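Here it is: the structure, laid out below.
Coordinate-derived values only; no laboratory data. Fair warning: this is a prediction, and the values are worked out from it, not measured in the lab. Here the Cβ positions follow ideal geometry from the backbone for every residue, glycine too, while neighbour counts run over all protein chains shown.
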There are 2 protein chains.
Amino acid sequence: MASNETSQMLKGVLQGCLLILLDQSPSYGYAITQRLDDFGFTDVPKGTIYPLLMTMEKKGLLKSEFRESADGPKRKYYSPTTAGQTAKHKFLTEWQQLETNVTSIVNLEEHDHE
Amino acid sequence: MASNETSQMLKGVLQGCLLILLDQSPSYGYAITQRLDDFGFTDVPKGTIYPLLMTMEKKGLLKSEFRESADGPKRKYYSPTTAGQTAKHKFLTEWQQLETNVTSIVNLEEHDHE
DNA sequence: CACCTCTAGTTTGTTTTACCAACTAGAAGA
DNA sequence: TCTTCTAGTTGGTAAAACAAACTAGAGGTG
């Protein structure tokens, strides 16, 4: 739970990131948490990831399937539906827009320190 | 209210942006809404901006002062406190972190379309 | 066998924050 | 007088991240 400072800024972004990752390869909650870690999202708690996955499935963005595991309980693999892929593309353009806007404001700040 | 799609992703980001803008030059709610528009945040509703400014003042991040206006009601000018400037710097590093992380995931996606 | 650890998922409730809707009000022009 | 633009406040709602408590399987150690 190291990165709870950026917790508010995560909102909406996490869902988009999951859609991209799961579209690359279907995966399950426990593994996704570890994979997010590789991308700098250190210790996204399971209290965040599991409910999000379930909500996204309810919304019709993801579909899921249980698969047996050799060393532990069953794993619930998620992958994007067609609607999920549409949402993914929507996220990509929205993120780019947000990034552009915020960067232009942040640049104001940086030019002060020259 | 055109950009309510990105509404969730705005969370936490807006406060940081206001701190930067108000540190450049103190301003009041109505004008800030228009200024945000220049940076691509089109039509951030006043139901967002006014309560946010008040909350930030309650938190001690902003201070305010009423000034007369020649053509309308009084204007409440806001500017960052010392705590507000600290929060601004914190936002800058947190935003950079988030941007880096999301970009690395978004890049996965873009490499697929080569 | 009892206990612990790692893996894996669910559920309930809380907090933060953007936003809507309704309201008050001043100044200027038709 | 009425409308429009400017300017701010208040109350309530919805979405999303997160903590905490719970259930469980598999494997190892004392």
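To the nearest whole number, what is the average tally of beta carbon atoms from other chains within 10 Å of the beta carbons of peptide B:14-25?
Working: counts 2, 2, 6, 7, 1, 2, 8, 3, 0, 3, 4, 0.
So the per-residue partner count for this stretch is 3.
Which whole-number percentage describes the relative contact order of chain A, with Cα contacts under 8 Å and a sequence gap of 6 or more?
Answer for chain A is 27 percent.
Another question about this same structure. Which angle from 0 to 90°, rounded to the nearest 10, does the C-alpha axis of helix B:46-58 make with the longest principal axis of chain B?
The angle comes out at about 70 degrees.
Is there a quick way to get the dipole size of region A:41-88? I mean about its Cα centre, with the Cβ of Lys and Arg at +1 and of Asp and Glu at -1; what is the value in debye to the nearest 20?
Here the size comes out at about 180 debye.
Further question on the same structure: Sort out for me the Cα centre separation of region B:67-114 from region A:2-65, rounded to whole Å.
A separation of 23 Å, based on Cα centres.
A further question on this structure: Which FRET efficiency value, to the nearest 0.05, is calculated for B:Ala83 and B:Met54 with the Förster distance at 22 angstrom and r the Cβ-Cβ distance?
About 0.90, to the nearest 0.05.
How many partner chain Cβ atoms sit within 10 Å of a residue's Cβ in peptide B:85-97, on average, as a whole number?
For this peptide, the per-residue mean of nearby foreign Cβ atoms is 3.
Continuing with the same structure: A:Gln8 to A:His111: extension gain in nm, 0.36 nm per residue of separation minus the Cα-Cα distance?
Gain on stretching A:Gln8 to A:His111: 34.4 nm.
Can I ask one more? Based on DSSP H runs of at least 4 residues, each adding -39500 (n - 2.57), what is the mean residue ellipticity at 222 nm of chain A after dividing by all its residues, to the nearest 500 deg cm²/dmol?
Value at 222 nm, helices only: -20000 deg cm²/dmol.
Work out the length of the dipole vector of the protein assembly as shown about its Cα centre, built from +1 on the beta-carbon of each Lys and Arg and -1 on the beta-carbon of each Asp and Glu, and round it to the nearest 20 debye.
Details: 24 positive and 30 negative charges, 241 e Å.
So the magnitude is around 1160 debye.
What is the calculated FRET efficiency for B:Asp23 to A:Tyr30, with r their C-beta to C-beta distance and R₀ = 25 Å, to the nearest 0.05?
For R0 = 25 Å, the calculated efficiency reads 0.05.
In straight Cα distance, which lysines are under 30 Å from B:Lys90, not counting same-chain residues fewer than 8 positions off?
Partners found: A:Lys11, A:Lys46, A:Lys88, A:Lys90, B:Lys11, B:Lys46, B:Lys58, B:Lys59, B:Lys63, B:Lys76.
Using the Cβ atoms and a cut-off under 15 Å, what net charge is assigned to the surroundings of B:Phe66, where Lys and Arg are +1 and Asp and Glu are -1?
Charge balance near B:Phe66 sits at +2.
Additional query: Amide H neighbours of B:Tyr28 under 5 Å, at least 5 residues apart or on other chains, H built in the peptide plane: list them.
B:Tyr78
Then there's this: Please find, among residues of chain A, the one with the beta carbon closest to the rotation axis relating it to chain B, distance in whole Å.
A:Lys11, 2
Taking the Cβ-Cβ separation of A:Arg75 and A:Thr100 as r and a Förster radius of 35 Å, what is the calculated FRET efficiency to the nearest 0.05?
In this case the efficiency is close to 0.35.
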